[in-house]
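The values are calculated or read from the model by the stated rules, or taken from the named source; none is laboratory data. Treat the numbers as computed from the prediction; the structure is a model and nothing was measured. Virtual Cβ from ideal backbone geometry, glycine too; neighbours counted across all protein chains shown. Calculation scope for accessible area: heavy atoms of the full protein, side chains included, ligands and nucleic acids excluded. Shrake-Rupley method; radii C 1.70, N 1.55, O 1.52, S 1.80 Å.
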Amino acid sequence: MRQPLLADRGFYLGPLFRRAADRHGAVFVTLDRPLDVAPALGTDLSYTVLAEVVEELSGRLWEAGVRPSEQVVVHKADNVDIMLLTCAVSRIGAVPVLLSPALAPEVAGQLLGRLRQPWLITDAATLDGLKDIALAGLVRRTLSVDDAPRAEPLAKYTGAEPPPPVRLHPREPALITHSSGTTGVPKLAVHCARTMWNRLVPQQAMGLPTRGETAALHMSFVHSRFYHLLGVLLHFGSPLVLLTDPDPASVGPLLVRHRPGIVETHPNTFVLWEELAGAPGAPLSRVRSYGSTFDAIHPRTVRRLLDASRRRTPWLVQLYGQSETGPVAFQVVTRRSAARADGRRVGFGIPGFTRVRVTDAEGRRVAPGTPGRIEARTRGRILTYLGMPDRYDRQLTDGWWEMGDLGYRDRLGALYLIDREIDRIDAVHSNLEIEDTLMSRLEELREVVIVPGADREPVPVVCVRGERPLDPERWRRATADLPAMAEPRQWRFEELPMTATWKVKRVEIARILTEGAPV
């Protein structure tokens, strides 16, 4: 018997595509590269086809021996089949553990060590990168989506009959993802169907105005936000364009072909996609809603994206939160509000689901306008950090979760983000605010990141579009009224250490500058 999407107030990934196919039919799903698990299907698929792939994969996994509540790590090259394998694992009641393909092998090995003899689904290239990791002592069995040595091919079980769906209790672990790892080894975040439901419902309400519009997504398939957005889009029957390559040269023609009304990606990818604003064929001309997830997005980028749309009232939805909490605050930016928007404003708590407050070092709520630590109370908080319960407990105070950010609230209750606590530089009020200012003044910048130098002085690391050097005179004019900073260090954007969601690892950059390590 098929299980409802929100049965018992739980969000279950296993039935997502089958439920969508039954409700909406063969809605198209376009990929920019074929599935590794089914390359013969090509790139023009549908809800129905993907539902069949999920069920067929779940049959293979069941035949291989995977059983309910067992942990199944999906760690392979970036592609849409990460999502399909996740749904297939969930469909038989096992627990998907999603490890980013961008993780260093030694970090992946550490995370595998926190699990309890999981299954591993991988591919030849990823497995080769793990050759120095003693997998035999860490994993139960290794399955490969291709013909990887030292692994059992998943195709061996092709044709196995899919078992009936299995649904775990809403409070049991149902999905394990990892934090961004911007400050060290990532933590494993344990989600359950109940907390995932509490994240889904408000996002579903936000999706009502664009229900059924074609959606183009370039997001990390190992991030929990992707699955909540997927749940919203499938519920409303939106055609999907799923992208693995963010290069504007390949993205532009696909967007021209499909004219999406919804576009969501990571903030740093949106900076790259500023090039699409004036691209041939006007690929962003039909966009009604942009989605920017969890990280700050530069006001310059917001204005360019909104101006690229020919819809009467396009908007950008900004969500502030983290993997452990889901979104805890949101705001909607329009063309009119973008012209005067403060890039540090991240909006309000989600009524009925989240609350935010700002406290001092002793945990006392501070007055409006006073900077302090941002804390959130949310019904979507994860169950724990796997293998690190003490670390999880340290971030909780009477149900309030420490976000690790500094900010303040205005008299109306809107939340403003100043900086991550760990990135704070005494000589600068807000690194993020200065970065926004520089991005707006210097259109040639692809990115600018301000980090502490050896003596805690602010050091700007800049990336310019193309290969040209930064113009020293333009830099001097742009920074004349800003706090004193060290001379800018110019790097190529590809040299920046980043997470799977293109979040810059500021601590790592500071370490490189301080220790004089090669870029």
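Across the stretch 114-139, which residue is least open to solvent (accessible area, probe 1.4 Å) among those that are farther than 28 Å from Cys192 by Cβ and not aliphatic (A, V, I, L, M)?
Among those residues, the one meeting the criterion is Asp123.
Residues that are over 19 Å from Leu84 (Cβ atoms) and in contact with a helix residue (DSSP H, G or I) (Cβ under 8 Å, 6 or more places away or on another chain), at least 2 per element: which helices (runs of 4 or more DSSP H) completely within the stretch 182-301 meet that?
Numbers: elements: 193-206, 224-236, 248-258, 267-272.
Correct list: 193-206, 248-258, 267-272.
Filter the stretch 362-386 down to the residues that are over 22 Å from the mean Cα position of the chain (by Cα) and surrounded by 15 or more Cβ atoms within 10 Å (Cβ to Cβ) and list them by number.
Keep residues of the stretch 362-386 that are over 22 Å from the mean Cα position of the chain (by Cα), which gives 362-373.
Val366, Pro371, Gly372, Arg373, listed by residue number.
Assess whether Ala215 counts as being crowded, with 23+ Cβ neighbours inside 10 Å and among the small types (Gly, Ala, Ser).
Yes; evaluated as a whole, the condition is true for this residue.
Considering only residues that are surrounded by fewer than 21 Cβ atoms within 10 Å (Cβ to Cβ) and not basic (Lys, Arg), look in the stretch 449-461 and name the one that is farthest from Pro371 (Cα to Cα).
So the first thing to find is which residues in the stretch 449-461 are surrounded by fewer than 21 Cβ atoms within 10 Å (Cβ to Cβ), and the list is 453-458.
Okay, now just the ones that are also not basic (Lys, Arg), so 453-455, 457-458.
Details: Gly453: 24, Ala454: 26, Asp455: 24, Glu457: 21, Pro458: 20 Å.
So the residue we want is Ala454.
Scan the stretch 103-111 and give yes if some residue there is crowded, with 24+ Cβ neighbours inside 10 Å, farther than 21 Å from Arg33 by Cα and touching a residue at least 12 places away in the same chain (Cβ under 8 Å), otherwise no.
To start, the set of residues in the stretch 103-111 that are crowded, with 24+ Cβ neighbours inside 10 Å comprises 108, 111.
Then keep just the ones that are farther than 21 Å from Arg33 by Cα; that gives 108, 111.
Then keep just the ones that are touching a residue at least 12 places away in the same chain (Cβ under 8 Å); that gives 108, 111.
Yes.
Any residue at all in the stretch 439-446 that's touching a Pro at 6+ places or on another chain (Cβ under 9 Å) and either surrounded by fewer than 17 Cβ atoms within 10 Å (Cβ to Cβ) or free of Cβ contacts under 8 Å to residues at least 60 places away in the same chain (or both)?
Taking the stretch 439-446 first, the residues touching a Pro at 6+ places or on another chain (Cβ under 9 Å) are 439-440.
Okay, now just the ones that are also either surrounded by fewer than 17 Cβ atoms within 10 Å (Cβ to Cβ) or free of Cβ contacts under 8 Å to residues at least 60 places away in the same chain (or both), so 440.
Looking for residues that are touching a Pro at 6+ places or on another chain (Cβ under 9 Å) and either surrounded by fewer than 17 Cβ atoms within 10 Å (Cβ to Cβ) or free of Cβ contacts under 8 Å to residues at least 60 places away in the same chain (or both), one finds at least one in the stretch 439-446, hence yes.
Looking at (1) touching a helix residue (DSSP H, G or I) at 6+ places or on another chain (Cβ under 7 Å); (2) surrounded by fewer than 16 Cβ atoms within 10 Å (Cβ to Cβ); (3) of a type in the set (S, T, N, Q), find the lone condition where Thr142 falls short.
The single condition Thr142 does not satisfy is (2).
Can you give me the number of residues within the stretch 334-383 that are hydroxyl-bearing (Ser, Thr, Tyr), touching a residue at least 40 places away in the same chain (Cβ under 8 Å) and not in a strand (DSSP E or B)?
So the answer is 0.
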